[in-house]
Amino acid sequence: MNVLFIHLQGNKAAIFSLTFLTAFIVLAIVYIVSGRKSKLNIHSTNLIALTFITSFIIGMKLGSGESFTESVNIFLSPPESVLNGKNGAFGFLLTIPIILLALYVLKLPKNYLEPFAYALPSAVIVQRFGCLFEGCCHGTITNFPIAIQYGSNSAAFHYHQTENLINQYAECSLAIHPVPIYYIIAGILTMVIIISIRKRLNRNGSLLLTSALSLIFFRFIIEFFREPYTNGYTGEIVYGLKIIQWTAIGLTMILGSVLFIREYKTPQKHELPINIFYAYRSFSWFAFLLVAIFYFNSIFTPLEKLVLQIFFTYVGILLFFKLSTIIVQHKLKVVYLSTVFILLFTMGQSSEENSKKPKRMITDKFTSTDLYHAGGNLDYTYYIGGSEGCMGDPGTKMKSQSKFYGGGVRFNFNTLYEGDRRNVFLLQANILPAKENLNNSYNSKLFYSTSFGGRYHWPNFGIGYGATIGTTTGDDGLSTGIMPYLGLRIGPQKIFYFDTGISDFTINPFPLPTYHAGIGSHFGRNDDAGIRVGYYPEGYYSLISIPIKDKIAFNFQYHKFSFDNISNADLYKVGISIKLPNKSINAR
């Protein structure tokens with residue numbers, strides 16, 4: 001007889017998403033802090049943590065297939081659509097060889113495995129709270145004194161109804177084993193075990209083996225109380241046990257044998273160099289992880305993309321600063337001096353001139369205002385009603401086709417300096433009412449965006465920066481988003497230049513992570529008049545600004561591309577640019 005019921009509604013995707021993100025953050029923090037206490041190199045530690053997170057997420061997605069053959073097919077040819085399912089056991093299986101490969105490539109000792117002994121159970125404890133409220137990894141029916149009942153919107157309720165275990169008037173599921181709570185208890189017990197025996201182990205890496213064996217053992221036991229269908233194809237019964245349980249037995253035998261042999265082969269730990277960092281190996285491995293993410297990019301959910309973006313940005317920035325430090329310390333003195341010389345040359349001045357010349361004088365200031373009409377088509381696909389749980393449901397597919405017509409304004413604040421230098425700060429706003437055909441149902445929509453940023457132009461070099469905030473498309477439909485912009489121009493811009501960048505808000509009115517590369521020219525002028533043409537990965541663009549009078553120019557833009565869930569985008573802008581009265585400043 002049940003003594004204590006825990007009543008949960010289930011299908012709490014927001015809580016699952018929060019704990020999913022938090023679990024990876026906790027794992028990374030615990031691993032990195034433990035590594036620092038053990039005096040491991042911070043950059044190598046970051047890379048190993050990033051490797052674990054990347055391989056684990058990829059493994060979860062590969063394991064979300066309905067069979068092993070489908071998992072192999074996902075690996076060989078990732079589908080274009082998002083895979084909402086998650087298989088943590090498969091993620092762990094993939095992570096083991098990838099981490100060992102990373103240690104080999106980066107030439108790191110087994111000491112870099114030890115911090116995972118604490119990080120893994122910590123992450124399990126946090127993440128299983130998400131499974132508890134989501135109800136994805138639920139248990140079998142029970143008369144156990146402590147049990148859970150989920151509401152009518154949960155996976156357990158729908159399963160019991162499908163199996164005719166409850167009638168159509170039921171308001172909640174039957175009492176089931178609180179499997180997520182069992183996982184949380186397993187994580188806590190594992191922490192207690194490794195803390196208790198950490199000083200008794202002789203070999204580096206043995207603490208992690210003990211932690212893994214503990215988690216695997218508890219997982220084997222808990223699987224007796226978990227509904228097989230929630231495991232995916234690894235929950236299939238073979239000779240009385242689930243495939244995941246047979247896998248656990250195999251891993252226990254292998255890892256247990258390794259632990260036993262290691263502990264008895266060498267009675268004492270060896271003191272090995274641990275503060276190890278090989279620059280070219282580390283940057284090569286980081287690039288390898290980036291390639292893997294781009295290869296599987298289409299199958300990640302927005303939440304998984306957010307997790308990867310956070311950690312890749314963190315590790316990438318620290319690696320960039322490490323590279324800068326190496327350069328400044330003259331370990332790459334030739335490269336550093338050559339880079340400085342090239343940059344100073346393209347900016348039109350030498351280091352000697354720069355040290356002797358006073359600050360460049362302003363020769364002119366003016367503001368140009370762009371008024372334009374914009375329109376086009378935007379076709380994209382998204383899903384509604386899905387969930388982020390371990391058995392994630394992609395939801396109902398929605399196909400949106402929008403035609404929009406509106407306008408916008410842009411202010412360009414120009415400052416000219418001696419030596420053909422020009423700085424521009426700009427503000428832009430777009431309002432685009434639209435008619436949307438959503439699964440053959442017509443609606444009214446409003447696209448909007450606000451952009452800000454700037455450009456710095458030297459005679460042979462230019463950089464741009466900024467951000468766009470506005471309506472964006474995602475896997476859950478339209479929402480408000482923000483996208484930074486970064487651009488680069490190389491060449492004498494008045495004559496001819498090469499142009500490339502990410503998310504150029506002068507190109508389209510939406511905060512989309514589009515990539516572009518092209519060529520352009522200002523035809524000898526010191527304003528924005530000229531032409532730019534180029535390509536997206538799947539599309540092309542053109543921008544033309546033709547002077548009509550001294551202070552008026554005609555502007556036209558056209559862009560056609562597809563990206564991620566956007567199957568087709570046709571955008572155009574037509575307008576005029578008015579140069580407001582100049583404020584001339586005489587050169588010194």
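The values are calculated or read from the model by the stated rules, or taken from the named source; none is laboratory data. Everything numeric in this text was worked out from a predicted model, so none of it was measured. With ideal geometry, Cβ positions are generated from the backbone for all residues, glycine too; neighbour counts draw on all protein chains shown. To get the accessible areas, we keep the full protein, side chains included, count just its heavy atoms, and leave off ligands, DNA and RNA. Shrake-Rupley method; radii C 1.70, N 1.55, O 1.52, S 1.80 Å.
Details
- Residue ID - farthest from Ile188 (Cα to Cα), chosen from residues in the stretch 109-119 that are at pLDDT 85 or above and assigned to a helix (DSSP H, G or I): Tyr112
- Selection count where residues are loosely packed, with under 14 Cβ neighbours inside 10 Å, over 21 Å from Gly35 (Cα atoms) and of a type in the set (Val, Ile, Thr), scope the stretch 275-323: 1
- In the set (1) over 24 Å from the mean Cα position of the chain (by Cα); (2) modelled with pLDDT of 80 or more, the condition left unmet by Gly501 is number (1).
- Exactly one residue out of Ile193, Ile181, Ile176 is closer than 21 Å to Arg128 by Cα and surrounded by 19 or more Cβ atoms within 10 Å (Cβ to Cβ), and it is Ile176.
- Extreme residue, modelled with the highest pLDDT, among residues of the stretch 61-108 that are of a type in the set (A, V, I, L, M, F, W, C) and under 26 Å from Tyr380 (Cβ atoms): Ile74
- Taking the stretch 519-538 as the range and being on the phi > 0 side of the Ramachandran plot, open to solvent by 20 Å² or more (accessible area, probe 1.4 Å) and touching a strand residue (DSSP E or B) at 6+ places or on another chain (Cβ under 8 Å) as the test, only Phe523 passes.
- Phe217 vs. criteria open to solvent by 20 Å² or more (accessible area, probe 1.4 Å) and over 20 Å from Val258 (Cα atoms): no
- If the condition is being open to solvent by 20 Å² or more (accessible area, probe 1.4 Å), in contact with a Pro (Cβ under 9 Å, 6 or more places away or on another chain) and under 14 Å from Ala119 (Cα atoms), then the stretch 196-213 contributes only Leu208.
So that you can scan it fast, the table gives a plain yes or no per residue for (1) at positive phi; (2) of a type in the set (Asp, Glu); (3) in contact with a helix residue (DSSP H, G or I) (Cβ under 7 Å, 6 or more places away or on another chain):
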site	(1), (2), (3)
Glu163	no, yes, no
Ile188	no, no, yes
Phe224	no, no, no
Val238	no, no, yes
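- Filter result for Thr190 (of a type in the set (Ser, Thr, Tyr), under 31 Å from the mean Cα position of the chain (by Cα), farther than 15 Å from Glu227 by Cβ and not in a loop (DSSP other than H, G, I, E, B)): yes
- The lone exception for Ser152 - which of (1) closer than 21 Å to Ser67 by Cα; (2) surrounded by fewer than 20 Cβ atoms within 10 Å (Cβ to Cβ); (3) among the small types (Gly, Ala, Ser); (4) touching a strand residue (DSSP E or B) at 6+ places or on another chain (Cβ under 8 Å) it fails: (1)
- Residue pairs meeting the criteria (Cβ under 8 Å; at least 6 apart or on separate chains; first hydroxyl-bearing (Ser, Thr, Tyr), in the stretch 128-140; second assigned to a loop (DSSP other than H, G, I, E, B) and open to solvent by 10 Å² or more (accessible area, probe 1.4 Å)): Thr140/His177; Thr140/Glu227
- Taking each residue of the stretch 103-119 that is within 14 Å of Asn275 (Cα to Cα) and looking for partners that are open to solvent by 10 Å² or more (accessible area, probe 1.4 Å) and among the β-branched types (Val, Ile, Thr) with beta-carbon atoms closer than 6 Å, six or more apart or interchain, yields Leu108/Ile276; Asn111/Ile274.
- Residues in the stretch 393-451 that are of a type in the set (S, T, N, Q), in a strand (DSSP E or B), more than 25 Å from Asn555 (Cα to Cα) and open to solvent by 30 Å² or more (accessible area, probe 1.4 Å): Thr396, Gln401, Ser441, Asn443, Ser444.
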